[in-house]
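Where a number appears in this text, it was derived from the coordinates with a stated rule and is not lab data. Note that the coordinates shown come from a computational prediction; the quantities given were computed from them, not determined experimentally.
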Amino acid sequence: MEKKEEVNLKVDAQLKRDAEAVLEKLGIPLETAVEMFLNQIILREGIPFPVSLSYVPEEEKDPDVFAKYRKSLL
């Protein structure tokens, strides 16, 4: 059996609950989903989805959404 290593991280509580709700419907535990993500990083040698600084006009930006996710990154 392969050796497991514990990973501790803090994420927004609502983000975790929402993700777990989707994963539950898929029958995938959060731990497995994280392992899937890490495996994809290795296979693709990078983040497995586009990451960009897309242009969003100021009038279309929702300051509450951006503030929430900026805060979660700190």
- Determine the gain in length on full extension of the stretch Ile41-Leu26; use 0.36 nm per residue of separation and subtract their C-alpha separation, reporting nm with one decimal. 3.3 nm
- Karplus couplings for the stretch 29-39 from phi (6.51 cos²θ - 1.76 cosθ + 1.60, θ = phi - 60°), rounded to Hz, Gly and Pro as x? x, 3, 4, 5, 4, 5, 4, 4, 4, 5, 4
